[in-house]
Amino acid sequence: MADDAVDEEIDVPENSLAIEGRNAVVEAFRSGKTIDKLYVLDGCTDGAVSTIRREAKKAGTIVKFVSRERLDQISITGKHQGVIAFAAAYDYSEIEDIFSKAEAEGKAPFVLILDNIEDPHNLGAIIRSANVAGAHGVIIPKNRAVGLTATVAKTSAGALNYTPVVKVTNISKTIEDLKKRGMWFVCADMDGKPMYDLDLTGPIGLVIGNEGSGVSRLVREKCDMIASIPVNGEIESLNASVAAGVLAYEIVRQRRMKK
C-alpha cells in the first residue's frame, strides 16, 4: 500500500527485473505480472502516475516515494520517467506456448526468429512489432545475443508481457524442428527477392539477422526463402528492428489478402 512519506531507502528485491517508464509499468500491472515494489518520484502526481498508483493499489504493491537522485541511481535505462517497478524476472516461454497461442486464435503460426540480435533496444522494438503484427512469439538464441533486460522491457512498451519469448540453444536446429511441424522460413537479406514477389502466407517464421553481419550462413541455408525490402533512397539497408517491422507487416498484408 502507498505510504506518502518520502523514503530514500532503495531495497531491490533479489532476482528481480526492473521495469522503467510509465507505459511499461502500466502494461506490467495490467497484464497481471507480479510487481514486488514500485518507486515513484516524490511530488509527481500527473495523470499517468496516478493511473500507475491506482494499479499498484489494486495489486497490493508496496509503493515508495523517492527523490529524482535516488531514481537516477537505480535506473538502468536512464529514462525512468519518474517510475521504476521491480517484478519477478521475466520467464522465458517454450516452443509449445507459441503453437498453443496460434491454435487458440485459430491462425497459422507466425514467429520471429532473431539470429544474434545484440542491441537491447532492437530486441525490445522487435518484440513490440511482433505483438502489434499479431506474431505468436519470438525466438532468440541463448548465446551471443541480448536477453530480456530492463531496457528490452521498456523499449517493448509492455509487449513483453504478452508476447512469448523462447530462448533456444541452436537456431538452425530449431528451424529444422519447426519445419517438421509444417512451418516455412524466410530470412531478411538485401540480396534476396523483393518481399512482394514471395508467398509469405501460411505457417511462417521470419528470420532477422545480427545488426552488423546479418543472418549467419548456417541459418540462411536453412531458410526456404530470402526476402529483400525494396529501397528507394541512398541508404541501402534498414535498422534490424525496422526491417523486422516492415517484413512482419508484409506477412500481415499477404495473410489479409488471402482471406
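The values are calculated or read from the model by the stated rules, or taken from the named source; none is laboratory data. Computed from a prediction, not measured in an experiment: that's the story for all the values here. Heads up, the Cβs are rebuilt from the backbone with ideal geometry, glycines too, and the neighbour counts pull from every protein chain shown. With ligands, DNA and RNA removed, areas are computed over all heavy atoms of the protein, side chains included. Shrake-Rupley method; radii C 1.70, N 1.55, O 1.52, S 1.80 Å.
Mean residue ellipticity at 222 nm from the helices of the chain, using -39,500 (n - 2.57) per DSSP H segment of n ≥ 4 over the full residue count, to the nearest 500 deg cm²/dmol?
Taken over the chain, the calculation gives -11000 deg cm²/dmol.
Taking the Cβ of ASP91 as the centre, find all other residues whose Cβ is under 13 Å away and add up their charges (Lys, Arg: +1; Asp, Glu: -1). Don't skip to the end; give the middle numbers.
Working: positive: LYS33, LYS167; negative: GLU94, ASP97.
Summing Lys/Arg as +1 and Asp/Glu as -1 gives 0.
First check a/c for region 202-259, with a ≥ b ≥ c the square roots of the eigenvalues of its C-alpha gyration tensor; if it is under 1.5, answer rounded, and if not, answer prolate when a/b is larger than b/c or oblate otherwise.
Working: a/c = 2.24, a/b = 1.20, b/c = 1.86.
The shape class here is oblate.
Would you look at the GNM of the chain, springs on alpha carbons closer than 10 Å, and say which of ARG22, ARG30, ARG181 moves the most?
Greatest mean-square fluctuation among the candidates belongs to ARG181.
So which cysteines in the chain don't have a second cysteine's C-beta under 4.7 Å from them?
So far as the 4.7 Å Cβ criterion goes, CYS44 stand without a partner in the chain.
Computed over the Cα atoms of region 63-141, what is the ratio Rg over Rh, Rh following Kirkwood?
So for region 63-141, dividing Rg by the Kirkwood Rh gives 1.10.
Sort the following peptides by mean Cβ neighbour count (other Cβ atoms within 10 Å, averaged over residues), highest first: 98-106, 247-255. Please report the intermediate quantities before stating the final value.
Values: 98-106: 15.1, 247-255: 18.9.
Result, highest mean first: 247-255, 98-106.
Tell me, how many Å apart are the Cα centres for region 147-202 and for region 112-141?
What the calculation gives is 7 Å, centre to centre.
At a 10 angstrom cut-off on C-beta neighbours, averaged per residue, how do the peptides 173-180, 121-128, 33-40, 45-52 rank from highest to lowest? Please report the intermediate quantities before stating the final value.
Values: 173-180: 15.8, 121-128: 24.9, 33-40: 20.2, 45-52: 14.0.
Result, highest mean first: 121-128, 33-40, 173-180, 45-52.
For region 54-131, which whole-number percentage of the solvent-accessible area (1.4 Å probe, protein heavy atoms only) is attributable to carbon and sulfur atoms? Numbers along the way, then the final one.
Working: 1710 of 3790 Å².
Summing carbon and sulfur atoms, their accessible area is 45 percent of the total for region 54-131.
Return an integer: the convex hull volume of the alpha-carbon atoms of region 93-200, in Å³ per residue. Working shown, then result.
On the way: hull volume 12.4 nm³, N = 108.
So the per-residue Cα hull volume is 115 Å³.
What part of the accessible area of region 177-259, given as a whole %, is carbon or sulfur when the probe is 1.4 angstrom?
Working: 2520 of 4770 Å².
Using a 1.4 Å probe with all protein chains present, region 177-259 comes out at 53 percent carbon and sulfur.
Considering only DSSP beta bridges whose two residues both sit in the chain, what percent are antiparallel, to the nearest 5?
Details: 11 of 40 bridges.
That works out to approximately 30 percent antiparallel.
For region 126-182, what does the alpha-carbon gyration tensor say about shape, rounded, prolate or oblate, given a ≥ b ≥ c as the root eigenvalues, a/c under 1.5 as rounded, and a/b over b/c as prolate?
On the way: a/c = 3.27, a/b = 1.45, b/c = 2.25.
Judged from the Cα gyration tensor, region 126-182 comes out oblate (a/c at least 1.5, b/c at or above a/b).
Once amide H atoms are placed 1.01 Å from N in the peptide plane, what residues at a sequence separation of 5 or more from SER93, or on another chain, have their amide H within under 5 Å of its amide H?
VAL165, VAL166, LYS167
Using the Karplus curve 6.51 cos²θ - 1.76 cosθ + 1.60 with θ = phi - 60°, work out ³J(HN,Hα) for each residue of region 194-206 in order, rounded to whole Hz, and write x for Gly and Pro.
x, 4, 5, 8, 10, 8, 10, 9, x, x, 9, x, 9
Compute the Kirkwood hydrodynamic radius of the chain, taking the inverse of the mean of 1/r over all pairs of distinct Cα atoms, and give it in Å to one decimal.
Numbers: mean 1/r = 0.0515 Å⁻¹.
Across the chain, the inverse of the average 1/r is 19.4 Å.
For the chain, take the longest principal axis of its alpha carbons; what is the angle in degrees between that and the long axis of helix 240-258, to the nearest 10 within 0 to 90?
Once rounded, the angle reads 60 degrees.
Looking at region 128-259 from every direction and averaging, what is the projected area of its Cα convex hull in nm²? Could you put the intermediate results ahead of the total?
Working: hull surface 34.2 nm².
So the mean shadow area of the Cα hull is 8.6 nm².
Going through the cross-link list LYS33/LYS193; LYS180/LYS259; LYS179/LYS259; LYS222/LYS259; LYS107/LYS193; LYS33/LYS180, which pairs have a Cα-Cα distance over 30 Å in this structure? Numbers along the way, then the final one.
Values: LYS33/LYS193 42 Å; LYS180/LYS259 25 Å; LYS179/LYS259 24 Å; LYS222/LYS259 28 Å; LYS107/LYS193 26 Å; LYS33/LYS180 34 Å.
Correct reply: LYS33/LYS193; LYS33/LYS180.
Given springs between every Cα pair under 10 Å in a Gaussian network model of the chain, which of VAL111, VAL219, VAL165 has the largest fluctuation?
Looking only at VAL111, VAL219, VAL165, the biggest GNM fluctuation is shown by VAL219.
With springs connecting C-alpha atoms under 10 Å apart, model the chain as a Gaussian network and identify which of GLY60, GLY158, GLY209 has the largest mean-square fluctuation.
GLY60
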